[in-house]
Every structure is written in structure tokens, then in C-alpha cells.
1. Determine if segment A:107-128 includes at least one residue that is among the aliphatic types (A, V, I, L, M) and either within 14 Å of chain B (Cβ to nearest Cβ) or closer than 17 Å to A:Ser37 by Cβ (or both).
2. Give the residues of segment B:36-65 that are in contact with a Gly (Cβ under 7 Å, 6 or more places away or on another chain) and modelled with pLDDT under 95, sorted by residue number.
3. Among the residues of segment A:167-177, write down those that are in contact with a helix residue (DSSP H, G or I) (Cβ under 7 Å, 6 or more places away or on another chain) and surrounded by fewer than 21 Cβ atoms within 10 Å (Cβ to Cβ).
4. Kindly state which helices (runs of 4 or more DSSP H) lie completely within segment A:34-145 and contain at least 1 residues that are basic (Lys, Arg).
5. Kindly establish whether A:Arg67 is farther than 26 Å from A:Tyr161 by Cα, more than 14 Å from chain B (Cβ to nearest Cβ) and free of Cβ contacts under 8 Å to residues at least 12 places away in the same chain.
6. Find all pairs meeting these conditions: Cβ atoms under 7 angstrom apart; at least six residues apart or on different chains; first residue within segment A:228-253 and on the phi > 0 side of the Ramachandran plot; second residue assigned to a loop (DSSP other than H, G, I, E, B) and at pLDDT 95 or above.
7. Would you kindly identify the helices (runs of 4 or more DSSP H) lying entirely within segment B:1-78 that contain at least 1 residues that are within 14 Å of another protein chain (Cβ to nearest Cβ) and within 30 Å of A:Thr152 (Cα to Cα)?
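The values are calculated or read from the model by the stated rules, or taken from the named source; none is laboratory data. None of these values were measured; they are calculated from a predicted model. Note that we place each Cβ from the backbone using ideal geometry, even for glycine, and neighbour counts take in every protein chain shown.
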Amino acid sequence: MTKEEALYEYLIRLGDNALILGQRLGEWCGAAHQLESDIAMTNVALDLVGQARMLLTEAGEVEGKGRSEDDLAFHRNEFEFRNNLLVEMANGDFGQTITRQFFFDCFYFHFLQALKSSKSEFLQAFAMKSIKEVTYHRELSTDFMIRLGDGTEESHEKMQYAVNLLWEYTGELFEKTEADEILIAEGIVPDLTQIKSLWEQDVMAVLEKATLLIPDNKGYMASGSRKGHHSEYLGYILAEMQYLPRMMPDAKW
Amino acid sequence: MSEEEKNESEQGLLWEVFVQSKPGIPHKHAGSVHAHDAEMALKAARDVYTRRKEGVSLWVVPTNMIHATTEEEAESFFDPADDKAYRHPTFYTIPEGVKYL
């Protein structure tokens, strides 16, 4: 694997996370329990889609085959996507959406903090811009975790259900591939093992405040997205997201 | 029923939102949001009222903390100012460089 191939894989991984989570959050548009949350979720979605655009554009340039951000977003199939399983999980109720967001935000926040010292000019600039957005995302999802977890009996029950449901998809955020090894050695990306311990501290502290427990699943963690193996959800997300550009390839806005 | 309970619905308390568009000028009423506490109200206000760069600072105030004049009071409160045009500082020329007047 060359350095360019490694960088392409990494950019696709980051870009797909932002794109798919953005698409998921966009599903709340007009559907949340109150206008305030509706707008909050879609604001986060728009931040993420903006990030996905930068990342996929860069990925296309690194790949050097003339593919644009739209080519990569709308003309790849499930097995070519490298987003984590966590971000493609169903919105479920608002508690599940918030829990998914919280797990991801804590990871993404510490990842971007470390990425600010990347030797890649693009990734450094990307991290500088995105960290402001993600700092807010993390505060928002943390606030909701604590208030809903340590809220009413019903909200607590729903949040504990969400944590139990999504916990097994968190391990995969820190899996490393050959691309990681190559790029870590070059000082281009941070080591995910170090991000993991920061993530754990963060998550444990908030879950404790939220009176929520980590499920005992004997250390089992789902895996697969690094190789393009996804859950059944991704196909449906792509079907909705890619329908129009594939039906009308010349459509412009 | 306490004041706080009256202000609370299933969506949380109602808060009035004030946005300052530039440093140094007054916060202006923008609208209202629902939230269960002040911290969340500020976040809701940020998301609803400053997503197009409208502000640099936000205030939120529980709606039931605002005391307003009533329509019946309007005559005695405001009409007496009708014929006192001399209170307007229109007879002065504004020095150059004075902003926000």
C-alpha cells in the first residue's frame, strides 16, 4: 500500500462518517419532538455534510482518477463505504440518536484535537475548522445525555436501553488498518489507541453523571466497516441518498 | 400553582431570547424557545436564532420573569408623550463619526 492509497482510504473513512451521520441526522428534519431539537439536529447534520464535502473532494484529488465529491458520495456502493457501523445505526427515538451522537462526538472531538498537529496541510486546516463545530456538538449531546439519563424514570430507561443497544458499535471507532500504520509513521494522523483512552475517560465521566451503566457484553464489539462490511441499514440510507443523482445523473442545483 | 409551573409545558419552560448582533450594541428580542433549564435554553437559542451569523452574544430569560404593560394601561402610559415633540433631539446636529444613534 502506498502513502497515497493509505491517505485515500483514511479520507474516505472520515468523509463517509461525516456524510452518513449527516444523512441520518437529516432524517429528523420536521420530525423531532420539538422545533428546537429539530433545528439542533439538522444544524449538526449540515456541519457534518459540509465536512464530508471537504473530505471527499480531497479524497478524489488524492486518488487522482478525476472523481468529484459527488461521484464519491453518490456513485459508490455499500461495500465501498468506510464509515463506522455506529453512524449508520437507526435514529430510533431521540435518546438513541443522542446516545449515538454522544459516542461519536467524544471520539471525533479528541480525534480532531490530535489531528490539529497533522503534517498534512489539508488535514491540519480541516481539523482547525471542524473542531469548533464538533466542540459544540459534543457539548450539546453531553447536555442531553446527562439530562435524559438523570431525568425521569421513563427517560432514564430509554437512555439505558440506547446505551445497551449502541455500546457494541463503539469499539470499531478505534480499529486500525495498514493505512493507519503508514500514516501514523508519517505524522499525518493520530494513533487511534491514544484517542481511545481519552474517549473512555470522557464517556465514563458523563455516563456516571447521567446515572447510566455500561452493558456487560463480555467485551464483545461489532466489527466490519474497515473492510466495507456494513449493517443492513447502510443500503437503505444509500438508496434514499443516492436515488436522485443516479436516476438523473445530469441534475444540477 | 407557582409561577414556574405556569411557565412549564411538556416541551419545557418558555424562554425569551435576546440577541446582540455586534459588540457594544443592545441585545434585541428575537423570539422564544422551549428548554428545561438555562444552559439548554442558550443552546436552543443558538441553534434557532444565530445560525445565519445574527449574533455575537445571547441572553435567555424565563418568559414569566418579564413584566409587561397591559393594553388598558396604554392610554395613561404612552399617550401623554404624544404632544411633546420637543423631547426629540432633532434640533441638534449629530457630530460626524457617531454610530448607533
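1. Our first condition is that a residue be among the aliphatic types (A, V, I, L, M); within segment A:107-128, this holds for A:112, A:114-115, A:123, A:125, A:127-128.
From what's left, either within 14 Å of chain B (Cβ to nearest Cβ) or closer than 17 Å to A:Ser37 by Cβ (or both): none.
No, because not a single residue in segment A:107-128 is among the aliphatic types (A, V, I, L, M) and either within 14 Å of chain B (Cβ to nearest Cβ) or closer than 17 Å to A:Ser37 by Cβ (or both).
2. B:His36
3. Scanning segment A:167-177 gives A:Glu172, A:Phe174, A:Glu175, A:Lys176, A:Thr177.
4. A:35-63, A:94-115
5. Details: farther than 26 Å from A:Tyr161 by Cα: yes; more than 14 Å from chain B (Cβ to nearest Cβ): yes; free of Cβ contacts under 8 Å to residues at least 12 places away in the same chain: yes.
Yes, satisfied.
6. A:Gly228/A:Phe81; A:Gly228/A:Arg82
7. Working: elements: B:3-7, B:38-49, B:74-78.
Of the helices (runs of 4 or more DSSP H) lying wholly inside segment B:1-78, those with at least 1 residues that are within 14 Å of another protein chain (Cβ to nearest Cβ) and within 30 Å of A:Thr152 (Cα to Cα) span B:38-49.
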